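Beneath this line is the structure, given in structure tokens, with notes to follow.
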Amino acid sequence: MTDDREPGWLDTIRIRVEHCRSADPDPSVNGAHRTAAVLVLLSGNDDGPTIVLTERAATLTNYPGTLVFPGGSTETGDDGPVATALRESAEEIGIDPAHVHIIGSLPPLWLSATRFLVTPVVGWCTRPQLTDILNPDEVAVVIQIPLREFAKTSGRVQRNGTTDRGGQRYSFEGTAVGDMTSTVIDALLDQHR
């Protein structure tokens, strides 16, 4: 498959992203906050999408050892969430922004613990080049996981309490998936609708 041929599942993902964009904004965001964006990078053939996640370095203060999307804080000069997500992903894991086709953005998610308002930017590419971890201070591992793995009951973690947005928490091969990342995965799987 070349970058010009879209996989069959992409239309379903577009519909789910559009459905999420029509949701009401989160009213809990009050006061000062910082903005950030993450790249929800999908790839794969007609068998179904895979999703790119990074395991955060164990030395980080926030969410150490947790599986999350690549991304980070908005910097001066970023022209919106898409630019932030692509820049951060290139810096963290070496994704070439020229090979990413943007599908759209989900509504920003409020992370009360860090006071970040994070915009998930959904994109796809046929074969992401994940050969180098460019920022080992932030990223321990980069993995691609079939999205369908998260639809299985075995991927769900029973837990006490809730996330900022009520997303289901997952794990993959014993590693916890971050709350915001779980919320986005639920949206892509069209869970809880």
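The values are calculated or read from the model by the stated rules, or taken from the named source; none is laboratory data. On a predicted model such as this, the values are computed, not experimentally measured, just so you know. In this analysis, Cβ positions are derived from the backbone assuming ideal geometry, glycine residues included, and neighbour counts consider all displayed protein chains. These accessible areas exclude ligands, DNA and RNA; they are computed on the full protein's heavy atoms, side chains included. Shrake-Rupley method; radii C 1.70, N 1.55, O 1.52, S 1.80 Å.
For the reader, a short list of remarks on this structure follows.
- Taken over region 64-102, the residue count meeting the criterion of being among the β-branched types (Val, Ile, Thr), open to solvent by less than 20 Å² (accessible area, probe 1.4 Å) and closer than 25 Å to residue 6 by Cα is 4.
- Hits in region 105-118 - residues which are over 12 Å from residue 85 (Cα atoms) and either part of a strand (DSSP E or B) or open to solvent by 40 Å² or more (accessible area, probe 1.4 Å) (or both): 108, 109, 110, 111, 112, 113, 115, 116, 117
- Boolean, residue 146 is modelled with pLDDT of 85 or more and under 21 Å from residue 6 (Cβ atoms): yes
- Test: residue in region 39-48 that is modelled with pLDDT under 90, closer than 28 Å to residue 8 by Cβ and acidic (Asp, Glu): yes
- Any hit, region 122-140, residues being open to solvent by 20 Å² or more (accessible area, probe 1.4 Å), closer than 18 Å to residue 184 by Cα and in contact (Cβ under 8 Å) with a residue 12 or more places away in the chain: no
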